Structure formats: structure tokens, C-alpha cells
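Down below is the structure, laid out as C-alpha cells.
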Amino acid sequence: MTDPSFGAPPPGVAAGEGPSGPRASFGLRLVAAIIDGVLVGVVGSIIRAILGLDLAGSQAIQLVLGLAYYGYLEGSPSGQTVGKKVMNIRVIDFNGGGPIGPGRALIRFVARYLSGIACLLGYFWMLWDKEKQTWHDKLSTSVVVPTSAYPVDAWPG
């Protein structure tokens, strides 16, 4: 779903002075990430225990799970993982407001590793970025927004 007012600044904000639309807060995004991390971690632990994998196999399973989980859910029309759904936020295309699709969702997932380099600087970047984007948002040309401003039609879409 493309929002025609997406590029317009919110009322009371001059063009170029702030986000071009409502954005999810750092706190909401952090709680969503914790929920998703616990969920993917628990599923990965169960699979590792069943298969009796060593450390290398465990890391491979965790990577594959992350790629599947984030690629499918963030790439879906809803743009929501379980954590984002619980926190009422979603990932959308920065330029058009629609879904980012599975390809860009995978880029966004892999770019999370870059955001974690240098003491998590890429994650904290949103605190002073005028569009409230992390490095992985910038690399995938996406933003995280509240569902109150950009409603979800169906989950996962």
C-alpha cells in the first residue's frame, strides 16, 4: 500500500528539518528486536538439540532461521515480524511507503551485522538521523513506522 502523503513532512515540521513522516521510536524497535531474537533463538535451540549439532552447525542453523524469518515476514506486505506486530510497528519502503519485498528484507537482515559493528553504532544511528534510520534501514532503503500511521491490512500479508 502506497501512501501519497508519505513524502510530506508532518504538520509543524518544515521540509528538511525532521522525519518525512511518523517513525517508530528506538524503544519500540528495541523491544521488538528482543522479542524476535528470543523467538528465533528458542526455535534455533530446539532444532540444534534435536539434530545434535556442534557450534558451526548451530551457527549455520541460526543464520538460515534468521534469513527465513526476517526475509519472509519483513518482506511480506505487512512488513511485520512477530516482535514488530506486538509493538505495532512495521517496515516499509522509504520512497513509496509500500512493502520492501523479500529481496530487500534479506539485504536488511544481512546489513544488521554491519549495524552491529563498531559498538552497535549502526543501531544507535537512528537517535540522531533526521529520518530515524539505522544503517540497515539506509542500506535497504526502508523505515520503521507505527501501524497507527501506516495500518496493516493483514498479517503476515
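See the values below:
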| item | result |
| --- | --- |
| Distant-in-sequence amide H partners of ILE89 (H built 1.01 Å from N, under 5 Å) | THR147 |
| Max mean-square fluctuation residue, GNM over the chain, Cα-Cα springs under 10 Å, options TYR123, TYR69, TYR113 | TYR113 |
| On Cα atoms only, tilt of 26-51 relative to the major axis of the chain in degrees | 20 |
| Selected from GLY83, GLY75, GLY44 as most flexible by GNM, with the chain as the system and alpha-carbon contacts under 10 Å | GLY44 |
| Debye, to nearest 20: dipole size of the range 17-157, +1 on Lys, Arg Cβ, -1 on Asp, Glu Cβ | 80 |
| Selection from PHE124, THR141, ALA24, by position along the positive dipole direction of the chain (Cβ) | PHE124 |
| Shape category assigned to the range 21-99 from the gyration tensor of Cα positions, a/c cut at 1.5 | prolate |
| For the chain, built as a Gaussian network whose Cα springs stay under 10 Å, the top-fluctuating residue of GLY27, GLY66, GLY96 | GLY27 |
| With Cα atoms, 0 to 90° folded angle of helix 55-75 axis to the chain main axis | 30 |
| Helix-derived mean residue ellipticity, 222 nm - over the chain, DSSP H n ≥ 4, -39500 (n - 2.57), to 500 | -17000 deg cm²/dmol |
| Simple spin-label estimate for LEU67 and CYS119 in nanometres, 7 Å along Cα-Cβ | 3.3 |
| Average Cα contact separation per residue, the range 67-157, under 8 Å, 6 or more apart, as relative contact order % | 34 |
| For the chain: relative contact order, % (alpha-carbon pairs under 8 angstrom, 6 or more apart) | 27 |
| Overall form of the range 69-112 per C-alpha gyration tensor (a/c, 1.5; a/b vs b/c) | oblate |
| Shape category assigned to the range 43-157 from the gyration tensor of Cα positions, a/c cut at 1.5 | oblate |
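No value in this document is a laboratory result; all are computed from the given coordinates. This one's a predicted model, so the numbers in the text were calculated from it and none came from an experiment. Positions of Cβ are backbone-derived with ideal geometry, glycine not excepted, and every protein chain shown enters the neighbour counts.
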